[in-house]
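Here is the structure we will look at.
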Amino acid sequence: MVKNLLWAAIASLVLFFSTGVAPASAVELDEATRSIPLDTTGKTATLTTQEVTSGQRLFNLQCTKCHLQGKTKTNNNVSLGLEDLAGAEPSRDNLLALVDYLESPTSYDGEDSLLELHPNITRPDLYPELKNFTKDDLYNIAGYMLIAPRLDQRWGGTIYF
């Protein structure tokens, strides 16, 4: 038991120092922190702490290769910050839009398909690491991406207050 707790503490420290974001499971997130825009109509969704933690784990496992701390290594002009997500065409600053992107990614201006360039679940032949992702996994990752700026002021390279 003590050995497991020690490994969990070490894993949390490694995650914090590698991403700059404390594991969501390290603290109980309040409802306001877990409440995010569902779509463009003003509806909201409230994730459980477990969903946020799952999303963070999956994001760290598959997305930080290119999006460490919400930045984009392949294009420093576009991050996963809320302003950049809102500026995409179509806007990607809500849960359903981000899930749509993870299923069928497009360029920032919405003009070009990125199915062969950006990891997605539509092309498991190109991205086998995502072939077992469920719709719930996508919701959790997208939810975490929208909550992350509340957990890390430097998420996406922008300071949020």
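Here is the figure for the stretch 40-87: residues that are surrounded by fewer than 16 Cβ atoms within 10 Å (Cβ to Cβ) and touching a strand residue (DSSP E or B) at 6+ places or on another chain (Cβ under 9 Å) total 3. Scan the stretch 40-54 and tell me whether some residue there is touching an Asp or Glu at 6+ places or on another chain (Cβ under 9 Å), over 18 Å from H118 (Cβ atoms), of a type in the set (S, T, Y) and assigned to a helix (DSSP H, G or I). Checking the stretch 40-54: at least one residue is touching an Asp or Glu at 6+ places or on another chain (Cβ under 9 Å), over 18 Å from H118 (Cβ atoms), of a type in the set (S, T, Y) and assigned to a helix (DSSP H, G or I). Taking the criterion of being more than 28 Å from D30 (Cβ to Cβ) and either surrounded by 15 or more Cβ atoms within 10 Å (Cβ to Cβ) or of a type in the set (V, I, T) (or both), would at least one residue in the stretch 144-161 satisfy it? No; the residues of the stretch 144-161 include none that is more than 28 Å from D30 (Cβ to Cβ) and either surrounded by 15 or more Cβ atoms within 10 Å (Cβ to Cβ) or of a type in the set (V, I, T) (or both). Only one of the numbered conditions (1) assigned to a helix (DSSP H, G or I); (2) modelled with pLDDT under 95; (3) under 22 Å from D39 (Cβ atoms) is violated by I121, and that is (1). A residue that is under 16 Å from the mean Cα position of the chain (by Cα) and modelled with pLDDT under 95 can be found somewhere in the stretch 9-17. Every listed requirement among (1) farther than 27 Å from R150 by Cα; (2) of a type outside the set (V, I, T); (3) buried (at least 17 other Cβ atoms within 10 Å of the Cβ) is met by L115 save one, (3). Checking L82, L95, L68, L58 one by one, the residue that is touching a Pro at 6+ places or on another chain (Cβ under 6 Å) and hydrophobic (A, V, I, L, M, F, W, C) is L82 and no other. Counting only helices (runs of 4 or more DSSP H) that fall entirely inside the stretch 60-117 and contain at least 2 residues that are more than 11 Å from the chain's Cα centre (by Cα) and closer than 17 Å to T40 by Cβ, the qualifying elements are 82-87, 95-103.
Listed by first and then second residue, the pairs linking a residue in the stretch 26-52 that is closer than 15 Å to Y139 by Cα to a residue that is surrounded by 16 or more Cβ atoms within 10 Å (Cβ to Cβ) and of a type in the set (F, W, Y), with Cβ atoms under 6 Å apart and 6 or more places separating them unless they lie on different chains, are V52/Y144.
The values are calculated or read from the model by the stated rules, or taken from the named source; none is laboratory data. Keep in mind the model is a prediction, meaning the values are calculated, not measured. Virtual Cβ from ideal backbone geometry, glycine too; neighbours counted across all protein chains shown.
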